[in-house]
Each structure stands twice: as structure tokens, then as C-alpha cells.
Amino acid sequence: MNNEFTITPWEVTGEIDYDLLVERFGTRKIDDALLDRISKYGELHPLLRRGVFYSHRDFDWILDMYDKGQPFVLYTGRGPSGHTHIGHLITWIFTKYLQDVFGAKLYFQMTDDEKFLFNENLTLEDTLKGAYENALDVIALGFDLKKTKIVVDTECIHTLYPIALKVAKRVTFSTTRAVFGFDNSTNIGSIFYTSIQAAPAFLESEMEKHNVPCLIPCGIDQDAHFRVARDVAPLLGYYKPALIHNKMFPSLMGSDKMSSSQPGATIFTTDPPKVVRKKIMNAFTGGAVSVEEQKKSGGKPEVCSVFKYQYYLFEPDDAAVNDLQERCRRGQIMCGECKKLLADRVVTFLEEHQRKREEARIHLEEFLMRDP
Ligand code: SF4
């Protein structure tokens, strides 16, 4: 395994060694005992069974509190730099599962301020528009309106700012430099920003005027923000937010993270069927150099982006995904047929999602949190 990889909230490059990340970040792997415990509350989600959600901080404590009758609030989010892609949906689908199983309230943060600060090419109008567009994808997944609030940073700043200030007062420049790699050329908004990302973790405690545990499902790349939030929490009298981390959703070109900056290797939720099919038919696979060779020696599903798509999201049946893996290894299925099967699934999923996404427009305002 190549240990040369970079993973920060703004950059993921190289072949990620997820076990090494657990060590580096000091998180804990979700082990069989924890999976067994989670299964007592509801059927294990495939993303848990298959180890896509694989790491945590204090998730066992969240369950302890829940068992004692103390409900928790969920918090996740999105940096609205453009259209939502399928990789983003992983965390959101899992968050919905947690909402359904535990009946938890959700704060969904749209960090339009962050994307403005960290991206030279985006205006505030762009990122706010992105936030509203991405919110449609969130709503389309079926979150419970009574238990979900979408928090657009620049539009809820009156609510977030006092909490962010309390956080900011306890975080030094030296900490942000060490955690995020900032230097003297970093704009001062970026340096302050992590305190805004911390704020929703404490929002329910502020609103309810007593401490409420918070669980944050997020990509492991976002862990740095919440390490800062967790360090500060006890100083401010809050519980430390707990986390549950997912691995990055792979790119269609074979790298470890799907990215909006590679549109050809990324399926957006707004892509029409023809575009989706074209992207999948051009995807990187673990196939052999020729059909004859593949029939003889088989393919390599472990490096194949088409297989990873099925494994992560599009084939929920464990027996079926194992069967695909075996047939690939034995050379009993060829890449052309396999890509077509995936394309059919993704197109079916997106047609339904896009229909719900349009319906979501009429509910958007009800989901948005508004400053008092
Ligand atoms: Fe990937 Fe399918 Fe080809 Fe196997 S047959 S390498 S799983 S595309």
C-alpha cells in the first residue's frame, strides 16, 4: 500500500490507506462488537455491513446516552461548490438511515461561506445558489420535514455567529495552522471559518438550553474540523460532538475520491441518462486487455470503479454483490455487460431522484432554518 496520500477537508489525493488514517487521526474502527450493538436498534445498513462507514469517535457513548433516554441530534452538511454528485449522497443516505432508526433531529449545514472563502473562482451568489440547488438533493432523499432543518450559513448567521464566536475565542491561529496547514498567505476568513463549521454541533444545546449530544456523520476528510470542535467543546460547557466517518466514494477513473473538478469521472445528480451512460461506459475497470484474456484469467473487481459503485451504493443485496465479484474473478462476466448493468441501475435511481428533486422545490422553504 502506498502511504503517500493527502487527506484534508479541501484536498484528497493518492491512494488512501484507511487503516492508517484511523491511526493518524486517533479515531476508532467500527468493530464487530459495535456493529452487533447497532444491529439491536435496527437492521444494519449495507454501508455499515460493508465497512464504508468504518470509523468513529464516541459513537458508543452516543448509544449509551440514547439507552439512558437522552436523544441525540444529527449534524452533517455540504460545501455548495457546484452540483451534488453521487459521492455526496453516501453520507446523506446514511444520515437518513440514522434519522429513521433513532428518530433523531438533523441540522444540515450548507457552507456557502466556506466555498466562497476557499475558492477563488466562486462568488457568494454562486455558492448561495449552489446551497439552494444542493438542498433539493437533500430533501429528495426523504428526510423527515418535522425533524430536519437546512442551515445556510450566510442566511442563518444571526443564529450561528454567537456560537461561532465562543468557539473562535478558544481556537488559536497556531492550532488552525497545525490542523489545516494554513500559512501567512491564508485569507483571514478561512482561518475563522472552522468556528462556523463547529457551530451546528452545539446549536441544539443552545436552542434547548441544556446539553444535547450530537452525532456527525461525515467523510473522514472532514475530521479535522471536528477535532478542533471536540477540543473546544468542554471549555464551553458542551458535550464533545461524536463522529461516524465514511470512506470516500471512488471516482469513475479509478482514484479514491469522486470530485466535481473531474466532471467526466463524476456522476452528478442532475446528469441526464445519456450522459450517465456515457460516463459509465468510459469508466476505469479491472478488466483484462482483451475479452479472450478476461475469459481466461478473469477481472480484478478490487480495483474496478464499476464494481465499487455497485458495492458502495447500487447493489444492496450482499449475495448479489458477492456473486458479481466471483463471476468477475472467474471471467464469467465481461466489462461491457457489467457496465451496462450498472448504467441501468444508476439511470433508474437518478430518474426517480430527479423527479423527487423537482417536487422538493415546493418544500424548500419549509426545510430551511431562518434567523429569528
Ligand atoms: Fe469491473 Fe465488471 Fe469488468 Fe469485473 S467485469 S472488471 S467488475 S467492469
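For the chain, what is the accessible area per residue in Å² when the probe is 1.4 Å? Please list the in-between numbers first.
Working: 16680 Å² over 372 residues.
So the chain comes to 45 Å² accessible per residue, rounded to a whole number.
Just need the Rg to Rh number for region 62-121, please, alpha carbons only, Kirkwood Rh. Kindly include the intermediate steps, with their values, before the conclusion.
Details: Rg = 14.8 Å, Rh = 13.3 Å.
That ratio equals 1.11.
Tell me the mean residue ellipticity at 222 nm calculated for the chain from its helices only (DSSP H runs of n ≥ 4, each -39500 (n - 2.57), averaged over every residue, nearest 500).
Here the helix-only value at 222 nm equals -15000 deg cm²/dmol.
Hey, can you grab everything whose amide H is under 5 Å from the amide H of residue 74? Only 5+ residues off in sequence or another chain; H modelled, so Pro and N-termini drop out.
105, 106, 107, 215
Limiting things to C-alpha atoms, what are the Rg and the maximum Cα-Cα separation (Dmax) for region 263-358, in angstroms?
Considering region 263-358 through its Cα atoms, Rg and Dmax are 13.8, 47 Å.
Over all Cα pairs of region 183-316, how is the pair count split among 5 Å bins, expressed in % and running from 0 up to the last occupied bin?
2, 9, 13, 14, 12, 11, 11, 11, 8, 5, 3, 2, 1, 0
Put +1 on the Cβ of every Lys and Arg and -1 on every Asp and Glu Cβ in region 6-252; which of 188, 246, 66 then has its Cα farthest towards the positive end of the dipole?
The one lying farthest along the dipole's positive direction is 66.
If you build the convex hull over the alpha carbons only and average its shadow over all orientations, what do you get for the chain? Give it in nm² to one decimal.
18.8
Using each residue's phi in region 362-372, evaluate 6.51 cos²θ - 1.76 cosθ + 1.60 at θ = phi - 60° and report the 3J(HN,Hα) Karplus result to the nearest Hz, with x for Gly and Pro.
Each residue of region 362-372 in turn: 6, 9, 3, 4, 5, 7, 6, 7, 10, 4, x Hz.
Show me the ranking of peptides 335-347, 32-44, 99-111 by mean Cβ neighbours inside 10 Å, starting with the highest.
99-111, 335-347, 32-44
Semi-axes of the equivalent ellipsoid for region 1-155, please: Cα gyration tensor eigenvalues, times 5, square-rooted, ordered largest first, whole Å.
Working from the Cα gyration tensor, I get semi-axes of 28, 23, 13 Å.
Quick one: putting +1 on the C-beta of Lys and Arg, -1 on the C-beta of Asp and Glu, what dipole do you get for region 27-111 around its Cα centre, in Debye to the nearest 20?
Numbers: 11 positive and 9 negative charges, 51 e Å.
Result for region 27-111 is approximately 240 debye, rounded to the nearest 20.
Is the C-alpha gyration tensor of region 170-251 telling us rounded, prolate or oblate? Criteria: a/c under 1.5 is rounded; beyond that, a/b larger than b/c is prolate, otherwise oblate.
Judged from the Cα gyration tensor, region 170-251 comes out oblate (a/c at least 1.5, b/c at or above a/b).
Run the accessible area of region 263-358 with a 1.4 Å probe and give the carbon-and-sulfur part as a rounded percent. Can you show the working numbers first?
Numbers: 2760 of 5000 Å².
Taking all protein chains in place, region 263-358 shows 55 percent carbon and sulfur surface.
How high is the relative contact order of region 6-252, in percent, with contacts defined as C-alpha pairs under 8 Å that are six or more residues apart? Can you show the working numbers first?
Values: 351 pairs, mean separation 64.1, N = 247.
Relative contact order of region 6-252: 26 percent.
What percent do you get for the relative contact order of region 215-372 when only Cα pairs under 8 Å and 6+ apart count?
This gives 18 percent for region 215-372.
Take the eigenvalues of the Cα gyration tensor for region 14-55, scale each by 5, and report the square roots as semi-axes in whole Å, largest first.
Over the Cα atoms of region 14-55, the semi-axes work out to 23, 12, 6 Å.
Taking region 126-201 as the region of interest, what is the percent of Cα-Cα pairs per 5 angstrom bin, listed from the shortest bin to the one with the maximum distance?
3, 13, 20, 18, 17, 14, 9, 5, 1
When 1/r is averaged over all different Cα pairs and the result inverted, which Kirkwood radius in Å belongs to region 72-210?
Numbers: mean 1/r = 0.0632 Å⁻¹.
It is 15.8 Å.
The values are calculated or read from the model by the stated rules, or taken from the named source; none is laboratory data. For clarity, every value in this text was computed on a predicted model and none was experimentally measured. Methodologically, a virtual Cβ is constructed for each residue, glycine included, from the backbone with ideal geometry; neighbour enumeration extends over all protein chains shown. Surface areas here come from the heavy atoms of the whole protein model, side chains and all, with no ligands, DNA or RNA. Shrake-Rupley method; radii C 1.70, N 1.55, O 1.52, S 1.80 Å.
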